[in-house]
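The values are calculated or read from the model by the stated rules, or taken from the named source; none is laboratory data. Treat the numbers as computed from the prediction; the structure is a model and nothing was measured. Cβ: placed from backbone, ideal geometry, glycine included. Neighbour counts: every protein chain shown. Heavy atoms of the whole protein, side chains included, go into the accessibility calculation; ligands, DNA and RNA do not. Shrake-Rupley method; radii C 1.70, N 1.55, O 1.52, S 1.80 Å.
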2 protein chains.
Amino acid sequence: MTQEVIPGAPTLEQVAALAGVSRSTVSRVVNKSPHVTDEAAAVVLEAIETLGYVPNRAARSLASRKTQVIALVVPESTARVFADPFFASVVQGIALHLAATEYTLNMVIASETNPEKTRRYLMGGNVDGALVVSHHSGDHSYARLSQALPTVFGGRPMNADERDSYFVDSDNVAGAAVATRHLLDIGCRRVATIGGPQDMPPGFDRLEGWRRTVREAGLDDSLVELGDFSPRQGAEAMRRLLARGEAFDGLFVANDQMAVGALSVLREEGIAVPRDLAVVGFDADYFSETSEPPLTTIAQPAIELGATMARVLVDLLEGRPVERVTIMPTHLLVRASSRRRDDAEEASR
Amino acid sequence: MTQEVIPGAPTLEQVAALAGVSRSTVSRVVNKSPHVTDEAAAVVLEAIETLGYVPNRAARSLASRKTQVIALVVPESTARVFADPFFASVVQGIALHLAATEYTLNMVIASETNPEKTRRYLMGGNVDGALVVSHHSGDHSYARLSQALPTVFGGRPMNADERDSYFVDSDNVAGAAVATRHLLDIGCRRVATIGGPQDMPPGFDRLEGWRRTVREAGLDDSLVELGDFSPRQGAEAMRRLLARGEAFDGLFVANDQMAVGALSVLREEGIAVPRDLAVVGFDADYFSETSEPPLTTIAQPAIELGATMARVLVDLLEGRPVERVTIMPTHLLVRASSRRRDDAEEASR
DNA sequence: GTGAAAGCGCTAACAT
DNA sequence: ATGTTAGCGCTTTCAC
């Protein structure tokens, strides 16, 4: 018997021929259908092995009307800050989780000048579902998307009327509350804050967490300055806070980058951290590790958040029941910028 | 005439019906074939517009035997350092460039425990080409891949026998040379270096650039300590350098992370930067911006590098002539860690 | 320049 | 449990 030399990738048909069964049976084996005898399956598997057969996704997808592709939608403006470590970790979590499934990750940079192009592509039946990560997480320009395509968002939407979409977010309110509580616990008597943009959920939520906590402690919540999450504006907000001339011994900053900016101002002004002022940031990024002093901060489970987004979407696609909203816990990382004041100081109040 | 209500995405057939032409003609228009009259094209385009038709990739790919998909292969270990800003920028460049083409970006996390799975997928005709970005760029476990699939690597391969593959890299040798030259130019009389791992091309090349430059200047090239690119080992290498007891007034560090570690040691030891010792890093990452003092460093065109990788691969796929090796220029960013010594000091030697 | 016909490799009823 | 029969939506000869 002469072995025909067949060019290109082996097809299901060739596997069937070699195994001496029909294509249907091979298909069933490949798709792990239970309606195949173990013997048949074994023969098929062996044929697959010797041929090095890999199913053709295009054909499979055309016939099954499923693409097995999940789009990762990244608004173009977000792509520019792709280097944001938090964002990168979320993507990593998504990719890692999906690698273990049958789904493929399709990165789509959404042109903001021509959003129709992206919408068309996504709605054109080229993907089974979409994951949307936006830097300014409030911007849900793809909210409408979720009506036509299973979609999971990273970060909660700013608009309450989008509550019918699926999203995964970290618990910014609780994180900020824990940070503030920590400052109080180490003996701070007045805690100021540098907040983020109030039109972005993380900015809004973190300010909210701080506010609730200081109020609950019976303290005033007037020591607030805002910035845009950049080190520069963090520094400026710090100067404004200092310029008020009011005393405070604790400071919660809505993200580490602004905190680093604030720290540089404190250094210039000769204000010792944590002795004169204890500082806590948010995000646990590079900045917090390398700052002088290292920054106490709130760590977000970025990788897990990404993995959870992927899990929720896959569950959704496979018809398993899923929660619309998933809030991931954060945790406090205590470092030198907020080391507990010693008892002597504590007693002196 | 009653308008049939057709569920799902519109098909080419429906466009043909509405335009009153055959499917072939619609296909030609969609694929920009020149063999269509302008009138016919206009009618078809209008039908496409009103229907909101988007070609089905799976069908197209099945029929044309092209996938229009490019795989971005990320070794799993690299994915763990996904947050590496350089790496993230390269990916950004790739994604941005591809967004302007007909190609789709498929992120593949290559399991290192089961490399066969990835190889099968890639060689199974599911993608038209691959882009490989590896953190330890020397590791070309996917070198063999390029024999079966058009592949472009980011970073040069360590093995010379892989010269038949396509790759894009930044000019590490020249960058290190410029950095070292800069130290000499500002008046340094002896320049030490903290090098990276010698089994990684960037580590090797940057040491080479330093070595050439000091030799050309007639200086000795013995003041070398190596680290693994981490801040911790940068600090340790710095201590070893100091422990030698030999004087030097210039230091080139193979990356910014190690430079930051070195800087912290110098601070501890009371060695003023740049007064006592001028320091230059490499990478121009976050660390270099926020260090104390800000670090003079070499910027790599990360986004452009990614974009170039994408361009080379697309050219390759479309049969256009391409260069096997593309070396991207770097540039010097002068900051406080190497401000020129003033004339008084210069004169005193 | 345009249409008709024949698949691309696979899945999914429907038989058996 | 397995085989048979139709397509999935598109491209691509090949006629006209």
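Please indicate, with yes or no, whether at least one residue in the range A:126-142 is without any contact (Cβ under 8 Å) to a residue 40 or more places away in the chain and crowded, with 19+ Cβ neighbours inside 10 Å.
The initial filter retains those residues of the range A:126-142 that are without any contact (Cβ under 8 Å) to a residue 40 or more places away in the chain, namely A:140.
Imposing the further condition that a residue be crowded, with 19+ Cβ neighbours inside 10 Å reduces the set to A:140.
Yes: the range A:126-142 contains one or more residues that are without any contact (Cβ under 8 Å) to a residue 40 or more places away in the chain and crowded, with 19+ Cβ neighbours inside 10 Å.
Among the residues of the range A:286-340, write down those that are aliphatic (A, V, I, L, M), over 19 Å from A:F204 (Cα atoms) and open to solvent by 60 Å² or more (accessible area, probe 1.4 Å).
Passing the criteria: A:I303, A:V334.
Is the range B:219-237 home to any residue that is closer than 20 Å to B:H331 by Cβ and touching a strand residue (DSSP E or B) at 6+ places or on another chain (Cβ under 6 Å)?
We begin by selecting, within the range B:219-237, every residue closer than 20 Å to B:H331 by Cβ; these are none.
No - not one qualifying residue is present in the range B:219-237.
Kindly provide the set of residues from the range A:59-69 that are more than 7 Å from chain B (Cβ to nearest Cβ), among the hydrophobic types (A, V, I, L, M, F, W, C) and either touching a Leu at 6+ places or on another chain (Cβ under 6 Å) or near DNA strand D (Cβ under 9 Å from one of its atoms) (or both), ordered by number.
We begin by selecting, within the range A:59-69, every residue more than 7 Å from chain B (Cβ to nearest Cβ); these are A:60, A:63-66, A:68-69.
If we keep only those that are among the hydrophobic types (A, V, I, L, M, F, W, C) as well, we get A:63, A:69.
Result: A:A63, single match.
Pull up the range A:252-269, narrow it to residues that are in contact (Cβ under 8 Å) with a residue 60 or more places away in the chain and farther than 18 Å from A:Q198 by Cα, then point me to the one that is surrounded by the fewest Cβ atoms within 10 Å (Cβ to Cβ). Before the answer, list the steps.
Of the range A:252-269, the ones in contact (Cβ under 8 Å) with a residue 60 or more places away in the chain are A:252-254, A:258-259, A:262-263.
Pick out the ones that are also farther than 18 Å from A:Q198 by Cα and you get A:262-263.
Details: A:A262: 31, A:L263: 29.
Ranking the candidates gives A:L263 first.
Kindly indicate which of A:V69, A:V30 is more than 9 Å from DNA strand C (Cβ to nearest atom), open to solvent by less than 70 Å² (accessible area, probe 1.4 Å) and β-branched (V, I, T). Quick ask: steps written out before the conclusion?
Numbers: A:V30 fails: more than 9 Å from DNA strand C (Cβ to nearest atom).
Criteria check complete, one pass: A:V69.
Looking at the structure I just gave you, is A:D199 in contact with a Pro (Cβ under 8 Å, 6 or more places away or on another chain), acidic (D, E) and more than 17 Å from A:F248 (Cβ to Cβ)?
Values: in contact with a Pro (Cβ under 8 Å, 6 or more places away or on another chain): no; acidic (D, E): yes; more than 17 Å from A:F248 (Cβ to Cβ): yes.
In short, no.
Would you tally the residues in the range A:17-27 being of a type in the set (G, A, S) and either within 8 Å of DNA strand C (Cβ to nearest atom) or open to solvent by less than 40 Å² (accessible area, probe 1.4 Å) (or both)?
Taking the range A:17-27 as the starting set, the residues that turn out to be of a type in the set (G, A, S) are A:17, A:19-20, A:22, A:24, A:27.
Remaining after also requiring either within 8 Å of DNA strand C (Cβ to nearest atom) or open to solvent by less than 40 Å² (accessible area, probe 1.4 Å) (or both): A:19, A:22, A:24, A:27.
Of the residues in the range A:17-27, 4 are of a type in the set (G, A, S) and either within 8 Å of DNA strand C (Cβ to nearest atom) or open to solvent by less than 40 Å² (accessible area, probe 1.4 Å) (or both).
What about A:I6, is it farther than 30 Å from A:Q257 by Cβ, modelled with pLDDT of 95 or more and either more than 8 Å from DNA strand D (Cβ to nearest atom) or open to solvent by less than 40 Å² (accessible area, probe 1.4 Å) (or both)? So that I can check it myself, show each step before the final result.
Numbers: farther than 30 Å from A:Q257 by Cβ: yes; modelled with pLDDT of 95 or more: no; either more than 8 Å from DNA strand D (Cβ to nearest atom) or open to solvent by less than 40 Å² (accessible area, probe 1.4 Å) (or both): yes.
Judged against the criteria, A:I6 is not a match.
Is it the case, given these coordinates, that B:D283 is on the phi > 0 side of the Ramachandran plot and either of a type in the set (D, E) or open to solvent by 30 Å² or more (accessible area, probe 1.4 Å) (or both)? First the steps, then the outcome.
Values: on the phi > 0 side of the Ramachandran plot: yes; either of a type in the set (D, E) or open to solvent by 30 Å² or more (accessible area, probe 1.4 Å) (or both): yes.
Yes, satisfied.
Among the numbered criteria (1) in contact (Cβ under 8 Å) with a residue 40 or more places away in the chain; (2) touching a Gly at 6+ places or on another chain (Cβ under 9 Å); (3) of a type in the set (D, E, K, R), which single criterion is violated by B:D164?
Among (1) in contact (Cβ under 8 Å) with a residue 40 or more places away in the chain; (2) touching a Gly at 6+ places or on another chain (Cβ under 9 Å); (3) of a type in the set (D, E, K, R), B:D164 violates only (2).
Just checking, how many residues over the range B:33-58 are within 10 Å of DNA strand D (Cβ to nearest atom), open to solvent by 30 Å² or more (accessible area, probe 1.4 Å) and within 12 Å of chain A (Cβ to nearest Cβ)?
Within the range B:33-58, residues that are within 10 Å of DNA strand D (Cβ to nearest atom), open to solvent by 30 Å² or more (accessible area, probe 1.4 Å) and within 12 Å of chain A (Cβ to nearest Cβ) number 3.
Across the range B:10-32, what is the number of residues that are within 12 Å of DNA strand D (Cβ to nearest atom) and assigned to a helix (DSSP H, G or I)?
The first filter runs over the range B:10-32 and keeps only residues within 12 Å of DNA strand D (Cβ to nearest atom), leaving B:10-17, B:21-32.
Retained after the next criterion (residues that are assigned to a helix (DSSP H, G or I)): B:12-17, B:23-30.
Number satisfying all stated conditions: 14.
Return the only residue of B:A19, B:A47 being over 30 Å from B:L122 (Cβ atoms), touching a Ser or Thr at 6+ places or on another chain (Cβ under 8 Å), touching a residue at least 12 places away in the same chain (Cβ under 8 Å) and not acidic (D, E). Talk me through it step by step, then tell me what you get.
Details: B:A47 fails: touching a Ser or Thr at 6+ places or on another chain (Cβ under 8 Å).
B:A19 is the lone residue from the list that is over 30 Å from B:L122 (Cβ atoms), touching a Ser or Thr at 6+ places or on another chain (Cβ under 8 Å), touching a residue at least 12 places away in the same chain (Cβ under 8 Å) and not acidic (D, E).
I need the full set of residues from the range B:300-323 which are out of contact with any Ser or Thr (no Cβ under 6 Å at 6 or more places or on another chain) and more than 19 Å from B:V73 (Cα to Cα), in order please.
B:P301, B:E318, B:G319, B:R320, B:P321, B:V322, B:E323
Restricting attention to the range A:56-79, and to residues there that are polar (S, T, N, Q) and touching a residue at least 12 places away in the same chain (Cβ under 8 Å), which single residue is nearest to B:A58 (Cα to Cα)?
Only one residue fits best here, namely A:T67.
Can you work out which of the residues in the range B:83-110 that are of a type in the set (S, T, Y) and open to solvent by less than 30 Å² (accessible area, probe 1.4 Å) is nearest to the chain's Cα centre (by Cα)?
Filtering the range B:83-110 for residues of a type in the set (S, T, Y) gives B:89, B:101, B:103-104.
Now restrict to residues that are open to solvent by less than 30 Å² (accessible area, probe 1.4 Å): B:89, B:103-104.
Working: B:S89: 7, B:Y103: 19, B:T104: 18 Å.
Only one residue tops the list, namely B:S89.
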